[in-house]
1. Does region 69-83 hold any residues that are touching a helix residue (DSSP H, G or I) at 6+ places or on another chain (Cβ under 8 Å), surrounded by 15 or more Cβ atoms within 10 Å (Cβ to Cβ) and under 24 Å from residue 43 (Cβ atoms), and which are they?
2. I need a count of the residues in region 1-58 that are within 19 Å of residue 79 (Cβ to Cβ), touching a helix residue (DSSP H, G or I) at 6+ places or on another chain (Cβ under 7 Å) and exposed (fewer than 11 other Cβ atoms within 10 Å of the Cβ).
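All of the numbers you see were taken from the coordinates with simple rules; none came from a lab. Since we're looking at a predicted model, the values are computed, not measured. With ideal geometry, Cβ positions are generated from the backbone for all residues, glycine too; neighbour counts draw on all protein chains shown.
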């Protein structure tokens with residue numbers, strides 16, 4: 001089994017597990033694996049990502065930590081979504097909030 005197929009299976013299982021019992025740590029891992037899958041689908045090496053995004057990733061280990069969900073950061077996530085030309089709305093549709101709303105307006 002290649003890395004891409006294995007990552008896809010892991011991602012599907014994690015999403016189902018997240019739907020049953022949401023967890024911030026699991027969500028970070030899902031985000032990391034999703035961006036790893038995008039990188040593998042496009043055939044981009046980790047070194048290329050680091051070279052093109054030096055502002056957000058200082059070494060290859062920073063990218064690996066992000067892809068493992070250890071060091072997930074919103075700035076890195078948006079930098080990669082722009083770099084991979086990935087529409088984040090598709091990603092957010094899978095994780096609609098099912099908790100309580102506060103009822104306060106902030107606009």
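1. Matches in region 69-83: 69, 72, 76, 77, 80, 81, 83.
2. 1
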